[in-house]
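Working notes, structure below.
The values are calculated or read from the model by the stated rules, or taken from the named source; none is laboratory data. As the structure is a prediction and not an experimental result, all values here were calculated from the model. Here Cβ is always computed from backbone atoms with ideal geometry, including for glycine, and neighbour counts include all displayed protein chains.
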Amino acid sequence: MIALLSLVIWLYLVLLHGRFWSSGPELQPGTPVSAAELPDIDIIVPARDEVETIGPVIASLVAQDYPGNFRVTLVDDNSTDGTAAAAGNSPRLRILRGQPKPTGWSGKLWAVSQGVAASSAPVLLLTDADIVHDPRHLATLVARLNAPRVELVSEMVRLNCTSLAERALVPAFVYFFQMLYPFASVNNPASAVAAGAGGTMLVRRAALEKIGGIEAIKGALIDDVTLAKALKTVGPIYLGHSGLATSIRPYPHFSDIWSMVARTAFTQLRYSVTLLLLTLLSLTIVWLVPVGALLFATGWIRACGAATCILAAASYVPTLVRYNRKPLWVLALPLIALFYMAATVGSAFRHWFGTGSQWKNRAYGAEQ
C-alpha cells in the first residue's frame, strides 16, 4: 500500500503540481517598448569577503546595455579581504561601507537595507556578489516588470556546474526548488504559492514600501522566498529561469554543497522536530520506497515501483537538459535525494548543538 501511495503522489506531482518538472519559464532577451517604460534603477549588491568574485560581477553590472538611468551600489559589509578595492572604479559605481549589524537582523538583509536607504530610484535590482550579468539582462528584466505588470521579477540564475560535486548535485538542487515552489504556481496571481531567487530580484520601490521595507523581513535567513511571499500580498510576481545571469561561486567539494544546504534547511522547517520527521517520512515515501519496491518486491507492488521510478526519472530530464547533463543521471536521483535528506538532518543537528546558520564567519542563531 505504501508503494501504491508513492505512485499516487507522483501522479499528482507530474499531472497537477504546476508543471514543476518543465524547468521553465525562461525570459528571452528583450527591451522596454517605450521611453515611458524606462524607470531609473538602483542596483544593490551586498558583499562580505567576496574578493574572488566581486570584480567581474561589478564589471558586468556597470556595463548593462539599458537605455534608462541606472546606478550600482556596492554595500561592503565589513569585509576583511579587500572586496571594495577589487570592485574597480566606474562613474556608475558607488561603494558604501556597511555599519555594524544590529541585533535581530540577518547580515545580508542589513546590508541590503543600507543600500535601499541610500537609493532613490523607483525600481531596485537586488543581486548577489557572485552573479555575472549579460549586458542585456537589466533591460530584459524591466521589460518583464512592465508587461504584464508585476511587482517583482525574480530569476533562478544559472548555477555553477563544473566540479563533480556540482554536476551531481546542482541540477537536483534546482529541480527540488522547482518541486517545492512550482514556478507556474508562483506566477499565478490566484495561487498562494510564492517564492523568489535571491540572485536576481527586480522590485518596485512602492511595493517594497507597502510591505514595510526590508525591515519587515529583517531576521529572515531564507530572505528571497520571504520577500517574495510578502510582495505577493501586494500584487502579482514573476519567477523564472535566467539565461542571462550566472553564478560564479564554486562548490568544488560535496562538503561545500552539504554546508550550503545545512545552513538553512532546518530554518525552512521553522526549527520544528515534527516538521523534520514529517519531511523525512515524506521524502522516504517519494524517493526511497519506489526504488525498494522495484528492487525487492514482486507482482503489482514491483509494477507500482517501476511506474513510479519512471515518472520520477522523466520529471528530472528537463532540468538535466538545462544543465547539459546526460539523462543517465536520473539513475542517481534517489541517492542524491538521500544526500539532501542527510544534509537536512545535519542542519537540525547544527541548530541543536549551537552552531546554527553560519556564513562568512558570522553566525545567526538566538540573536535573531
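Observations on the model:
- In the stretch 261-273, the qualifying residues are those that are crowded, with 17+ Cβ neighbours inside 10 Å and of a type in the set (A, V, I, L, M), and the one that is nearest to ASN160 (Cα to Cα) is VAL261.
- Contact annotation: no residue pair with Cβ atoms under 7 Å, 6 or more positions apart or on different chains, pairs a residue in the stretch 31-45 that is over 14 Å from LEU141 (Cβ atoms) and in the same structural domain as LEU141 (by TED's automatic domain parsing) with a partner that is in a helix (DSSP H, G or I) and of a type in the set (D, E, K, R).
- Some residue of the stretch 110-120 being in contact with a Leu (Cβ under 8 Å, 6 or more places away or on another chain), over 29 Å from SER34 (Cβ atoms), touching a residue at least 12 places away in the same chain (Cβ under 8 Å) and surrounded by fewer than 19 Cβ atoms within 10 Å (Cβ to Cβ): yes
- Within the stretch 220-242, considering residues that are out of contact with any helix residue (DSSP H, G or I) (no Cβ under 8 Å at 6 or more places or on another chain) and surrounded by fewer than 18 Cβ atoms within 10 Å (Cβ to Cβ), the one nearest to LYS108 (Cα to Cα): THR233
- For the stretch 108-142, a residue qualifies if it is in contact with a Gly (Cβ under 9 Å, 6 or more places away or on another chain), of a type outside the set (Asp, Glu) and either modelled with pLDDT under 95 or assigned to a loop (DSSP other than H, G, I, E, B) (or both), and the qualifying residues are LYS108, ARG136.
- Subset of the stretch 3-59 (residues that are part of a helix (DSSP H, G or I) and modelled with pLDDT under 95): ALA35, ALA36, GLU37
- Residue list for the stretch 278-320, restricted to those being closer than 26 Å to VAL170 by Cα and either at pLDDT below 95 or of a type in the set (Ser, Thr, Tyr) (or both): THR279, SER282, THR284, THR308, SER315, TYR316, THR319
- Beta carbons closer than 9 Å, at least 6 apart along the sequence or on distinct chains, pair a first residue in the stretch 251-267 that is under 26 Å from LEU278 (Cβ atoms) with a second that is part of a helix (DSSP H, G or I) and among the acidic types (Asp, Glu) for ILE257/GLU166.
Table: residues versus (1) free of Cβ contacts under 8 Å to residues at least 12 places away in the same chain; (2) more than 24 Å from the chain's Cα centre (by Cα); (3) surrounded by fewer than 16 Cβ atoms within 10 Å (Cβ to Cβ); (4) assigned by TED's automatic domain parsing to the domain that holds GLU215.
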{"residue": "VAL57", "(1), (2), (3), (4)": "no, no, no, yes"}
{"residue": "GLY82", "(1), (2), (3), (4)": "no, yes, yes, yes"}
{"residue": "PRO102", "(1), (2), (3), (4)": "yes, yes, yes, yes"}
{"residue": "ASP128", "(1), (2), (3), (4)": "no, no, no, yes"}
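- Test: residue in the stretch 287-296 that is surrounded by 15 or more Cβ atoms within 10 Å (Cβ to Cβ), touching a Phe, Trp or Tyr at 6+ places or on another chain (Cβ under 9 Å) and touching a residue at least 60 places away in the same chain (Cβ under 8 Å): yes
- Leading residue by the ranking (surrounded by the most Cβ atoms within 10 Å (Cβ to Cβ)) among those in the stretch 297-321 that are in contact with a Gly (Cβ under 9 Å, 6 or more places away or on another chain) and part of a helix (DSSP H, G or I): GLY305
- On the stretch given as the stretch 147-164, residues that are part of a helix (DSSP H, G or I) and crowded, with 18+ Cβ neighbours inside 10 Å total 0.
- Any hit, the stretch 195-213, residues being in the same structural domain as LEU126 (by TED's automatic domain parsing), assigned to a helix (DSSP H, G or I) and either of a type in the set (Asp, Glu) or surrounded by fewer than 15 Cβ atoms within 10 Å (Cβ to Cβ) (or both): yes
- Among the residues of the stretch 232-289, those that are part of a loop (DSSP other than H, G, I, E, B) and over 30 Å from ALA147 (Cβ atoms) comprise ILE248, ARG249, PRO250, TYR251, PRO252, HIS253, LEU269, ARG270, TYR271, SER272.
- Check on VAL14, assigned by TED's automatic domain parsing to the domain that holds SER119 and within 24 Å of the chain's Cα centre (by Cα): no
- One residue from VAL72, VAL51, VAL14 being under 20 Å from ARG136 (Cβ atoms) and touching a residue at least 24 places away in the same chain (Cβ under 8 Å): VAL72
- Unmet requirement for LEU276, which otherwise passes all of (1) buried (at least 21 other Cβ atoms within 10 Å of the Cβ); (2) not assigned by TED's automatic domain parsing to the domain that holds GLY115; (3) not basic (Lys, Arg): (1)
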